[in-house]
Structures are given as C-alpha cells and as structure tokens.
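Participant: One structure follows; several queries about it will come next.
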Amino acid sequence: MHLSQLRLSNFRNYRHLELALPPRLCLFIGENAQGKTNLLESIYLLATASSPHATSDGELISFWATHPDEPSTLGEAPLARLWGRVERRDGPLTVEILWHRPSTGSGQRPGGVGLQKRIRVNDIPRRAADLHRHHRLPVREGPGGPRELGRVAERLQVEHGDVGRRVVLP
C-alpha cells in the first residue's frame, strides 16, 4: 500500500500543490520553513483526520483562504482541501478532507470563526472515527521528531541509493 497522489489547496503554506509519489521511498529536501513538515502533516491528516501539531483546524488553513479583506463567497466552497489516492491490493482508495466556513444561517454568528470539516472516502461522506477502518495506514510519530527524521533521511541517502524520488521544495 502506498500514497500515489497528494493534492493540497490552501493548506498551511501551500496555496496549491499536486504531487505524484512513487511506491518507493521519497526524500523531501528544502530549507527551513519551506513546507516539509506541513507536507508530512497533510499525509498524517489524511490517515487520521487529526493534526499532530495544530490545536484547532483553523491553524491548518492558509492565509490566502482566510484573508479578511477578500469578499466572502464561502458557504459550500471549501476554504481548504486535502486529497490523496492510496494504491492497495484490493483497489485504489481516495481520501478527501475539506474545511468549510458554515454559512451564518447554520448557527454561526456573523464574523464567527467556526469551521466544518468534511471527510470523504471514495466520494462517500465519512466520520473521522471511520478513517482507520478504510485504509489502516501505519502512521507513527518518531521519538525524535523532525530533527530525528532529518538524521534518518541523511542516513538513507548515504547508505541506500534506492530513493524513489527527491522532491526539492523552493
């Protein structure tokens, strides 16, 4: 099983990203504050529907989607979107998470900050608690955090030439 495609819209520092991923190891390389951790966080979110870093969903939405000077035509249009395609033996699976700002008619006060998270698996609405039953991705956080991840990546690059794709972030 592997994540073969990833699409992000207005997620953290990504305005828009479409990424095809090979079934082999991917190494993400970039300067500090370029989005490497945000990219990994988006994959974690697709697997678990929760963020290991954010205390609220509002922290996940990029500045461009929530800038207060822009006219709001929100309602059904999502503020942000994560989409991933997982290749499995029994067929592909798509997972999508959308964040919407509820319309003022749905109980939110004007100027309110509330967000609605909608999850779909193969285009069927699902609850966050249902995600693990659909794809059972072995997502684990390492004991050393991002620093340890960097050391592991360096060892892989030096010890193994079998890196499927290197993605260099600008």
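Participant: Could you please find all residues in segment 49-66 being open to solvent by 50 Å² or more (accessible area, probe 1.4 Å) and hydroxyl-bearing (Ser, Thr, Tyr)?
Facilitator: Of everything in segment 49-66, those that are open to solvent by 50 Å² or more (accessible area, probe 1.4 Å) and hydroxyl-bearing (Ser, Thr, Tyr) turn out to be Ser50, Thr55, Ser56, Thr66.
Participant: Could you tell me how many of the residues in segment 117-133 are at pLDDT below 90 and either within 16 Å of the chain's Cα centre (by Cα) or buried (at least 17 other Cβ atoms within 10 Å of the Cβ) (or both)?
Facilitator: Going through segment 117-133 one residue at a time, the tally reaches 3.
Participant: Here is a follow-up. Within the set of pairs 6+ apart or on separate chains, which have a first residue in segment 81-106 that is of a type in the set (Phe, Trp, Tyr) and open to solvent by 60 Å² or more (accessible area, probe 1.4 Å), a second that is part of a strand (DSSP E or B) and modelled with pLDDT of 95 or more, and C-beta atoms under 7 Å apart?
Facilitator: Within 7 Å, no pair qualifies.
Participant: Tally up the residues in segment 16-38 that are free of Cβ contacts under 8 Å to residues at least 24 places away in the same chain and either in a strand (DSSP E or B) or polar (S, T, N, Q) (or both), please.
Facilitator: 5
Participant: State all residues of segment 21-42 that are open to solvent by 60 Å² or more (accessible area, probe 1.4 Å) and of a type outside the set (S, T, N, Q); if no residue qualifies, say none.
Facilitator: Answer for segment 21-42, where residues must be open to solvent by 60 Å² or more (accessible area, probe 1.4 Å) and of a type outside the set (S, T, N, Q): Pro23, Arg24, Leu25, Ile29, Glu31, Ala33, Leu40.
Participant: Taking Glu41 as the residue in question, decide whether it is more than 18 Å from Arg88 (Cβ to Cβ) and not in a helix (DSSP H, G or I).
Facilitator: No, not satisfied.
The values are calculated or read from the model by the stated rules, or taken from the named source; none is laboratory data. Fair warning: this is a prediction, and the values are worked out from it, not measured in the lab. Virtual Cβ from ideal backbone geometry, glycine too; neighbours counted across all protein chains shown. When the accessible area is computed, the model is the full protein with side chains, heavy atoms only, and any ligands, DNA or RNA have been set aside. Shrake-Rupley method; radii C 1.70, N 1.55, O 1.52, S 1.80 Å.
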